[in-house]
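The values are calculated or read from the model by the stated rules, or taken from the named source; none is laboratory data. Please read all numbers here as calculations on a predicted model, not as lab measurements. We place every Cβ from the backbone using ideal geometry, glycine too, and count neighbours over all the protein chains shown.
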Amino acid sequence: MVGCVATINLLYYLYDKFLTMKAMQQNENFKLPRRLQGVQPTLIRRIFERALPDSINFGLGEPDLPTPQFLREEAARVTLEEQNGYTNHAGLLPLREKIAASYPHLNLQPNQICVTVGSQEAMSAAFLAIVDEGDEVLISNPSFPAYENCVKISGGVPVFYRLPAERDFAFDIKEFKSKITPKTKAAVVISPSNPTGKIFTENDLRQIADALRDTGIYLISDEIYSDLYFTDEKPRSASEFYDRTIIVSGLSKSLSMTGWRVGWLASSQTDVVRAALTLHGFLAVCTSTISQKASLLGWTDEAERAKAEARKIYKKRGEFLIDLFEKELGLRGTSPEGAFYTMLDVRNLGDGLELAEKFLQNRVITVPGIAFGTEAKGFMRISFCNIEERMAEGVRRMKEALNK
Ligand SMILES: Cc1ncc(COP(=O)(O)O)c(C=O)c1O
């Protein structure tokens, strides 16, 4: 079986090389600008795109719950009844007011918010707005792969701080501090985390704030999963403890609105927001007006009920799946505190990439931990955006693949 997997890998590799050479011949005169060299689609996408029909998806981090009906209806109404031209670059004023009010501790004004094309654009704009050639940016290992690529595109240098696997990927202040240098321009935190599902505790965030105070370093806080938590209370925002925090967030995950592309950048650092807004104007002009108008309902009681329901469902699914991994495969998954991910420990089963390939051939999409950083080698990120029945079938197929 291992030989067979190796042959498949080799064939994919050769095919990839062939396509690259062909493309190079066609575009002999094209030279990739320096800022894009080394920037590639993520391994998550590359695996997903090779999935066989009817695969069970433990790979992508995309909510499967339907977008709440009241949001769909509002988008339909707005489309039919209203003229939907551009909004101003920063986004609809009432929407920015609602976003600002989500962070009462910051007392933000609408000019300190920029509505973006999903939180992904907010993240890219944040890095481009603050990072200069050669600046260092601290990123956790493991972490969401986009940060590393965004830092590179911005001309910066990613520097990784470990979230130790032996402590279930918990934050380690000593490790974080050891990576700060005079060149550090920014640090990134994500809580709840993709890929680990862990939440930074209040103590973690206070320690980070203490370490950064008076350094001038910016903290980019990715809060896209902040409404998907399984703890008793909502996770704290890094911005409660540190002034120079730039919040990146949106509605994609909590209200199953990934395709609507509504995100934002929010910060008391008005100059940073202004710089990001300039970029946003040239990159996107504005976010879809229809999506923005419908998103005004994202702060209603109905929306809060939908978010609470999503939390309940993902929590239950996480418990169900971790239990099944233990019972059926004898494998341990980390216990998620939020988002919809667990890190499955496959260190006893051999190479993570080969294992993911084996599962892929048996119609199960998984992502080897190495896609998120060296610290996650020997783990797989498993997302539980699936109904229980499909997840049980996925585990059955994984077992079958292991026994082949
Ligand atoms: C950690 C994290 N940040 C940001 C994003 C981007 O989400 P969106 O652009 O849909 O808001 C994702 C999507 O998977 C993510 O996992």
Q. For G373, all conditions in the list (1) small (G, A, S); (2) in contact with a helix residue (DSSP H, G or I) (Cβ under 8 Å, 6 or more places away or on another chain); (3) not assigned by TED's automatic domain parsing to the domain that holds G250 hold save one; what is the number of the exception?
A. (2)
Q. What pairs come up if the first residue lies in the stretch 267-295 and is more than 30 Å from E81 (Cα to Cα), the second is at pLDDT below 95 and among the aromatic types (F, W, Y), and their beta carbons are under 9 Å apart, counting only those six or more places apart or on different chains?
A. none
Q. Can you name every residue in the stretch 341-398 that is polar (S, T, N, Q) and not in a strand (DSSP E or B)?
A. N348, Q361, N362, T366, T374, N386
(Q) Being in a loop (DSSP other than H, G, I, E, B) and either touching a helix residue (DSSP H, G or I) at 6+ places or on another chain (Cβ under 8 Å) or within 11 Å of the ligand (Cβ to nearest atom) (or both) is the filter here; which residues of the stretch 208-225 pass it? (A) E223, I224, Y225
Q | Selection count where residues are touching a Phe, Trp or Tyr at 6+ places or on another chain (Cβ under 7 Å) and either over 20 Å from S140 (Cα atoms) or free of Cβ contacts under 8 Å to residues at least 24 places away in the same chain (or both), scope the stretch 216-231 | A | 1
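Yes/no matrix, rows are residues, columns are (1) part of a loop (DSSP other than H, G, I, E, B); (2) surrounded by fewer than 21 Cβ atoms within 10 Å (Cβ to Cβ); (3) within 13 Å of the ligand (Cβ to nearest atom); (4) at pLDDT 95 or above:
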site: K253; (1), (2), (3), (4): yes, no, yes, yes
site: S268; (1), (2), (3), (4): yes, yes, no, yes
site: A275; (1), (2), (3), (4): no, yes, no, yes
site: T278; (1), (2), (3), (4): no, yes, no, yes
site: F282; (1), (2), (3), (4): no, yes, no, yes
site: T287; (1), (2), (3), (4): yes, no, yes, yes
site: Q292; (1), (2), (3), (4): no, no, no, yes
Q) What is the residue count in the stretch 75-100 for residues that are buried (at least 16 other Cβ atoms within 10 Å of the Cβ) and more than 27 Å from the chain's Cα centre (by Cα)? A) 1
